[in-house]
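I have placed the structure first, in the form of structure tokens, so that the comments after it can refer back to it.
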Amino acid sequence: MGMAAAESRFHVLAVDDNIIDRKLIERLLKTSSYQVTTVDSGSKALEFLGLHEDDRSNSGSPSILTNNHHQELEVNLIITDYCMPGMTGYDLLKKIKESSSLRDIPVVIMSSENVPARISRCLEEGAEEFFLKPVRKSDLNRLRPHVMKAVSKDQKQEKHEEEEEEEKQEEKEIKSQKHQEQQQQQHQQQLSPRPSGNSKRKAMEENLSPDRTRPRYSDIAAVV
Amino acid sequence: MERNSQLHRQVALMRQSLFDQGYLDEQFVQLEELQDDANPNFVEEVVTLYYRDSARLIASIEQALDKSPLDFNKLDSYMHQFKGSSSSIGGRKVKAECAQFREYCRAGNGEG
């Protein structure tokens, strides 16, 4: 649950009060094979991110705004306009970085105005990139590394947890299988020593190692 | 078929002249490049949105201009939006006009 949606399709949340820019950024992102949700304000963005957090713990929450998909959606990147009425892109950035659950999501700021002080302030606050509008296709190439970095960090964490669990499971199974094996070995030796018996055992032992322990379980039963 | 290619040529010429006269800039080409078989009407959709949005903005601006004294902050804010949209679709001339307008706003120049 909560894994990056299958085929490496990343989900971007785009925030812009201007309808033209929203349409443009949506098209640009889709062209680069991202999944997109657009909202027109910082508060709606937080709402989406906040409600979305609940989605993960208890599925079946009402569909929100532009998002009609009823699946597990993780936001892998947030791209936001700077100049917006009410909550500016900078305010939104701050709120995201202040949230323990959201601060790992990479944030990119866009602006039509090239103000160096503004740019450095955003970067200092934790924005990954600052795009000048109008945004072009080539700019989107700069997004990939940030998304990949964040996702692989998540995946590593999850994988680590999964692997730990799998190892515990395997240990249990191996123990019980070894026990069964020993019993059967004794049984076989009593019957008749067969050369094939040895190779069978070898094969079984080999297969015990990595992850395919379950099929072998049924094989052992068949031998009897 | 003849008519078709003639029309195509005409459209191409018109399009080119818009660029030549400075109405459109490189950004418009970017829009065209975003259009493909899966999204064949992208440019039309964006431009339609733009006209609708601009009409709304212009109406607001006209209203604001009727007031006195002039609220330059409000006007500047409308213009910021208008300029942003125009820039995004490659409306070079309109963008320039907006920039000029904003200069006047900042200078408090109602006459301009």
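Where a number appears in this text, it was derived from the coordinates with a stated rule and is not lab data. Since the structure is predicted, the reported quantities are computational estimates derived from the model, not experimental observations. Methodologically, a virtual Cβ is constructed for each residue, glycine included, from the backbone with ideal geometry; neighbour enumeration extends over all protein chains shown.
Per residue of segment B:9-23, in order, report the coupling 6.51 cos²θ - 1.76 cosθ + 1.60 (Karplus, θ = phi - 60°) as ³J(HN,Hα) in whole Hz, putting x for Gly and Pro.
Here the 3J(HN,Hα) series is 5, 4, 4, 4, 5, 4, 4, 4, 5, 4, 5, 4, 7, x, 6 Hz.
If contacts are Cα pairs under 8 angstrom and at least 6 residues apart, what is the relative contact order of segment B:24-107 in percent? Walk me through the numbers on the way to the answer.
Details: 63 pairs, mean separation 30.7, N = 84.
Relative contact order of segment B:24-107: 37 percent.
What residues have an amide H closer than 5 Å to that of A:V36, excluding those fewer than 5 places away on the same chain, when H is modeled at 1.01 Å from N in the peptide plane?
Sorted by chain and number, the residues that satisfy this are A:V12.
Please state, to two decimals, what the Cα-based radius of gyration of segment B:1-57 comes to when divided by 2.2 N^0.38 Å (N = residues). Let's see the in-between values first.
Values: Rg = 13.5 Å, N = 57, 2.2 N^0.38 = 10.2 Å.
Normalised by 2.2 N^0.38 Å, the Cα Rg of segment B:1-57 equals 1.32.
Are there trypsin sites (Lys or Arg not before Pro) in segment B:46-76 that DSSP marks as loop and that have at most 16 other Cβ atoms within 10 Å, and which are they? Mind showing how you got there, number by number?
Values: sites: B:R52, B:R56, B:K67, B:K74; in loops: B:K67.
Hits after loop and neighbour filter: B:K67.
Take the residue pairs A:K133/A:K159; A:K94/A:K137; A:K94/A:K133; B:K74/B:K95; A:K95/A:K133; A:K23/B:K67 and return only those whose Cα atoms are more than 29 Å apart. Show your work: numbers first, answer last.
Values: A:K133/A:K159 38 Å; A:K94/A:K137 27 Å; A:K94/A:K133 21 Å; B:K74/B:K95 18 Å; A:K95/A:K133 23 Å; A:K23/B:K67 33 Å.
Violating the 29 Å limit, Cα to Cα: A:K133/A:K159; A:K23/B:K67.
Dipole magnitude of chain B about its Cα centre, charges +1 at Lys/Arg Cβ and -1 at Asp/Glu Cβ only, in debye to the nearest 20?
Numbers: 13 positive and 18 negative charges, 63 e Å.
It comes to approximately 300 debye.
Could you give the distance between the Cα centres of segment A:35-51 and segment A:97-128, to the whole Å?
Distance between centres, Cα-based: 16 Å.
Which far-off residues, 5 or more places away or on another chain, put their amide H under 5 Å from the one on A:F131, with H placed in the peptide plane?
Here the answer is A:I109, A:M110, A:S111, since their amide H atoms fall under 5 Å of that of A:F131.
Could you please report the charge total around A:S111, scoring K, R as +1 and D, E as -1 over all other residues with beta-carbon less than 9 angstrom from its beta-carbon? Please report the intermediate quantities before stating the final value.
On the way: positive: A:R118, A:K133; negative: A:D81, A:E113.
Every neighbour counted, the sum reads 0.
Output ³J(HN,Hα) for segment B:47-56: one whole-Hz value per residue in order, computed from phi by the Karplus curve 6.51 cos²θ - 1.76 cosθ + 1.60 with θ = phi - 60°, and x for Gly and Pro.
5, 4, 4, 4, 5, 5, 5, 5, 4, 4
Restrict the search to segment B:5-97; then list the chymotrypsin sites (Phe, Trp or Tyr not before Pro) that DSSP places in a loop and that have at most 14 other Cβ atoms within 10 Å of their Cβ. Spell out each step's value before the answer.
On the way: sites: B:F19, B:Y23, B:F28, B:F42, B:Y50, B:Y51, B:F72, B:Y78, B:F82; in loops: B:Y23.
Loop-located and lightly packed - B:Y23.
Would you please calculate the Kirkwood hydrodynamic radius of segment B:24-107 over all C-alpha pairs and express it in Å, rounded to one decimal?
Numbers: mean 1/r = 0.0727 Å⁻¹.
Hydrodynamic radius (Kirkwood, Cα pairs) of segment B:24-107 is 13.7 Å.
Say R0 is 22 Å: what FRET efficiency, to the nearest 0.05, do B:L65 and B:K93 get from their beta-carbon distance? Don't skip to the end; give the middle numbers.
Values: r = 20 Å, r/R0 = 0.93.
After rounding, the FRET efficiency stands at 0.60.
Return the sequence-ordered ³J(HN,Hα) values of segment A:140-151 in whole Hz as given by the Karplus equation 6.51 cos²θ - 1.76 cosθ + 1.60 applied to θ = phi - 60°, using x for Gly and Pro.
Listing the rounded values in order: 5, 4, 6, 7, 2, x, 5, 5, 4, 4, 5, 5 Hz.
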